[in-house]
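**Student:** Okay, here's the structure, questions in a sec.
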Amino acid sequence: MTASIKISDDLKRLIEELQAKILIYQKRKLKQQEIIEKMLNFAAGYIDSIFGIIEDKKSIEDDYAYKVLYKPKKWGISDSSINIDRYLYE
């Protein structure tokens, strides 16, 4: 089973550069799909190291949707799901 993904032009160029370097140094022409598969399999073996280089500049607690879902404002209603229409439209 195959699936297509969208990638940026910069990433596409990087894959093409890797393809060219493999051809030069290994004297083998790999398809771009093969290169991506090999790189992902390699990365999966070093997943702890990969997480160390991923920069998450924004914490999930700072996300507006997270705040709304997990830190709702107190309305003085114990269960707003049942009585929400009554309180909103009175």
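The values are calculated or read from the model by the stated rules, or taken from the named source; none is laboratory data. Since this is a predicted model, take the numbers as computed values, not measurements. Here the Cβ positions follow ideal geometry from the backbone for every residue, glycine too, while neighbour counts run over all protein chains shown.
**Student:** From the set of residues in segment 29-70 that are surrounded by 10 or more Cβ atoms within 10 Å (Cβ to Cβ), basic (Lys, Arg) and modelled with pLDDT of 75 or more, which is nearest to the chain's Cα centre (by Cα)?
**Tutor:** This residue is 38.
**Student:** Looking at residue 17 and the list (1) loosely packed, with under 12 Cβ neighbours inside 10 Å; (2) modelled with pLDDT under 90; (3) in a helix (DSSP H, G or I), which single condition is not satisfied?
**Tutor:** Of (1) loosely packed, with under 12 Cβ neighbours inside 10 Å; (2) modelled with pLDDT under 90; (3) in a helix (DSSP H, G or I), only one is false for residue 17: (2).
**Student:** Kindly indicate the residue of segment 20-53 that is of a type in the set (Ser, Thr, Tyr) and part of a helix (DSSP H, G or I) and also nearest to residue 9 (Cα to Cα) among those meeting that condition.
**Tutor:** 25
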